[in-house]
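For reference, the structure is listed below as structure tokens.
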Amino acid sequence: MDLNLERDLCFFDIEATGLNVVRDRIVQIAIIKYCKDGRDPQELSLMINPGIPISLEAMLVHGIQPKDVANKPTFQQLAQKIWDFIGNADLAGYNSTRFDIPMLMEEFARVGMEFDISKRRSIDVQRIFYKMEPRTLKAALKFYCDKDHDEAHDAMADVRATIDVFVGQLGKYEGVDYRDEDGNILDAPVKKDVQTLHEFTNDNRFVDATQKLRADVNGDIVFNFGKYMGKPVGETLYEDRQYYNWILNKEFTSQVKQMVKKLVRDYEKGLKGKDDNGNKE
């Protein structure tokens, strides 16, 4: 793949027991890692015993049944292997921002490993597709590559299809400007640069996959739900510790909890650097 890489780039796909990123579990993960040093891509494909039932809806999609994973290792047993394989790589996938990344973060959090994505860039190939040609992965493969996706919802097959679509997008949209729904024009955003693709495929208004937190017009992180809707998160939770503890103990994603902790810490550090009148010392 002809792409300017500052660090390794992992394309990955997850099949799960369902679609709830907090309650459901991974049953299969596949990763293809492109290395910044130009080595051949590395592959990892694992079947995982989720420890909970697989929903009928999920089985109808990916075809993985309880008997297929009954004797497979649990995520806890495989976590270090997956962690080491990914390393400090940037991430890419199809609908990865809303599903695969937060699902993986939750699984790591359950075994006491904080998978921090704040310093990783991510490319969501679906968002390139939906912005430029709104359709599905199967249609995308046909549209960009003139291929049929006969193995849909096998994780490794989906990863390969995603990579094929991504390469097709890089070629098709080279030099093509993007016009958003408000008529604003972005100069040729689909290019061989991870940072540019990260910015194009991520909605910076929301700072977590479940859209519980967002950035306001001043760039401050505020609540996007509940009684503090629109209020700054760090300041609000520093003052309302009961609500802070409620978030940490309720069914919010580990991504939200990580961000909440950091915002409160940052606000507290800011207070320590000011005098009684609120001026910087």
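Near Thr74, within a Cβ-to-Cβ distance under 14 Å, what is the net charge of the other residues, with Lys and Arg +1 and Asp and Glu -1?
+3
Under 5 Å between amide hydrogens, which residues at least 5 positions from Asn224 or on another chain qualify, with H placed 1.01 Å from N in the peptide plane?
Leu213, Arg214, Gly230
Which length gain, in nm to one decimal place, applies between Lys261 and Val111 when the Cα-Cα distance is subtracted from 0.36 nm times their residue separation?
Here the segment from Lys261 to Val111 would lengthen by 52.1 nm.
Which shape class applies to segment 204-281: rounded if a/c is under 1.5, otherwise prolate when a/b exceeds b/c and oblate if not, where a ≥ b ≥ c are the square roots of the Cα gyration tensor eigenvalues? Each step should come with its number before you reach the end.
Numbers: a/c = 2.08, a/b = 1.52, b/c = 1.37.
Because a/c hits 1.5 or more and a/b exceeds b/c, segment 204-281 counts as prolate.
Quick check on packing: order 231-238, 47-54 by the mean number of other C-beta atoms within 10 Å, highest mean leading.
231-238, 47-54
Placing one identical point scatterer on every Cα of segment 134-281 and ignoring solvent, what is log10 I(q)/I(0) from the Debye formula at q = 0.12, 0.20 Å⁻¹?
-0.75, -1.15
Select from segment 61-119 those GluC sites (Glu not before Pro) which occupy a DSSP coil region and have at most 16 other Cβ atoms within 10 Å, ordered by residue number.
Numbers: sites: Glu106, Glu107, Glu114; in loops: Glu114.
Within segment 61-119, the qualifying GluC sites (Glu not before Pro) (loop, at most 16 other Cβ atoms within 10 Å) are Glu114.
Please say if segment 116-162 is rounded, prolate or oblate, where rounded means a/c under 1.5 for a ≥ b ≥ c the square roots of the C-alpha gyration tensor eigenvalues, and otherwise the choice is prolate for a/b larger than b/c and oblate otherwise?
It comes out oblate by the Cα gyration axes.
Give a residue-ordered list of calculated ³J(HN,Hα) values for segment 103-111 (Karplus: 6.51 cos²θ - 1.76 cosθ + 1.60, θ = phi - 60°; whole Hz; x for Gly, Pro).
Values, residue by residue: 5, 5, 4, 5, 4, 5, 4, 5, 9 Hz.
Nearest 5 is fine: what % of DSSP beta bridges in the chain come out antiparallel, could you say?
About 70 percent, rounded to the nearest 5.
Cross-link candidates for Lys262: which lysines have Cα within less than 24 Å, leaving aside residues fewer than 8 places away along the same chain?
Lys119, Lys212, Lys227, Lys231, Lys250, Lys272, Lys274, Lys280
What ³J(HN,Hα) values, in whole Hz, does the Karplus curve 6.51 cos²θ - 1.76 cosθ + 1.60 give for segment 86-100 when θ = phi - 60°, with x put for Gly and Pro?
6, x, 9, 5, 6, 10, 8, x, 10, 6, 6, 5, 8, 10, 4
Output the Cα-based Rg and Dmax of segment 73-142 in Å, rounding Rg to one decimal and Dmax to a whole number.
Taking only Cα atoms of segment 73-142, I get Rg and Dmax of 14.2, 41 Å.
Okay, helix-only estimate at 222 nm for the chain: each DSSP H run of n ≥ 4 adds -39500 (n - 2.57), divide by all residues, round to 500 deg cm²/dmol; what do you get?
Working: 11 runs with 111 residues, N = 281.
So the helix-based figure for the chain works out to -11500 deg cm²/dmol.
Taking only the alpha carbons of segment 88-181, what extent do you get along each of the three principal axes, in Å, biggest first?
So the extents along the principal axes, rounded to whole Å, are 43, 32, 24.
Which shape class, rounded, prolate or oblate, goes with segment 1-160 when its Cα gyration tensor gives a ≥ b ≥ c as root eigenvalues, a/c under 1.5 marks rounded, and past that a/b bigger than b/c marks prolate?
Note, shape of segment 1-160 comes out oblate.
Mind listing P(r) for the chain? All alpha-carbon pairs, 10 Å bins, whole percents.
Percent of Cα pairs in each bin: 6, 25, 32, 24, 10, 2, 0.
Read-outs: derived from the displayed coordinates by stated rules, not from any lab. Everything numeric here is computed off the predicted structure, so don't read it as measured data. Don't worry about glycine lacking a Cβ; one is built from the backbone with ideal geometry, like all the others, and counts go over all protein chains shown.
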